[in-house]
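Visitor: The following block contains the structure, expressed as structure tokens.
The values are calculated or read from the model by the stated rules, or taken from the named source; none is laboratory data. Keep in mind that what you see is a predicted model, and the values were worked out from it rather than measured. When we count neighbours, we look across all protein chains shown, and the Cβ atoms used for this are built from the backbone with ideal geometry, even at glycine.
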Amino acid sequence: MIRKTLLIPFFAILFYAIGCKEATHEKTTPEVNETVSYEQERAAILNTLNNETKAAFQRDYESWKGYWVHDPDISKTYIDFGEHSFSESVGWDEISGFVKTFIEEHPEPEPVPELVNDINVRLYDNGAWVTYEQQDSLRGLKRETRLMEKINGQWKIAGMHTTIYGFEE
């Protein structure tokens, strides 16, 4: 009985020490490939975002679809407070179909909003979380969140959430 009583705390301390050592190792492992600069990745992401916006507003479906991940798990949501509307599309087929139908029903290009330059980017290996605000001449203030994935060296959109606030009154 005495041996069991002594062995239990010994193993508890041993497992705790091993666990602490592993936790310390995890904290020193870099999350982002250090050979690629943050500014280079940010610029490449910015290029994808601005080109996707231009293609959408210019009604260039073929160009627009090249900036998206073609996967069944991606999503796109719009919340428009001014129009009291909401839409959600899940999966590439649904997103692509929604945009293609929209372009067919509204073929006239719209003025391209002022392209963004001020974006917040958090890099995660081959992924990025991006947030920014944009002024749209037709819709007013928009806040955007984009989930990005780097595929074959190119940043593509894997998720999009847009909240449209409209114009200040």
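Visitor: Working only within the stretch 84-110, note down all residues that are among the acidic types (Asp, Glu) and touching a strand residue (DSSP E or B) at 6+ places or on another chain (Cβ under 8 Å).
Guide: Across the stretch 84-110, the qualifying residue is only Glu88.
Visitor: Quick check, is Val99 in contact with a Leu (Cβ under 7 Å, 6 or more places away or on another chain) and not in a strand (DSSP E or B)?
Guide: Criteria not met by Val99.
Visitor: Any idea which of (1) within 17 Å of the chain's Cα centre (by Cα); (2) more than 26 Å from Gly91 (Cα to Cα) is the one Val130 doesn't satisfy?
Guide: Looking at each condition in turn, Val130 falls short on (2).
Visitor: Any idea which of Lys100, Lys54 is surrounded by 16 or more Cβ atoms within 10 Å (Cβ to Cβ) and assigned by TED's automatic domain parsing to the domain that holds Arg122?
Guide: Only one candidate qualifies: Lys54.
Visitor: Still on this structure: Could you list, in sequence order, all residues of the stretch 151-169 that are touching a strand residue (DSSP E or B) at 6+ places or on another chain (Cβ under 7 Å) and part of a strand (DSSP E or B)? Write out each step before concluding.
Guide: Going through the stretch 151-169, the residues touching a strand residue (DSSP E or B) at 6+ places or on another chain (Cβ under 7 Å) turn out to be 155-167.
Matches in the stretch 151-169: Trp155, Lys156, Ile157, Ala158, Gly159, Met160, His161, Thr162, Thr163, Ile164, Tyr165, Gly166.
The rows are residues; the columns are (1) at pLDDT 95 or above; (2) outside any loop (DSSP other than H, G, I, E, B); (3) within 18 Å of Ile157 (Cα to Cα); (4) not acidic (Asp, Glu).
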position	(1), (2), (3), (4)
Asn33	no, no, no, yes
Val36	no, no, no, yes
Thr48	yes, yes, yes, yes
Lys54	yes, yes, yes, yes
Arg59	yes, no, yes, yes
Asp71	yes, no, yes, no
Thr77	yes, yes, yes, yes
Gly82	no, no, no, yes
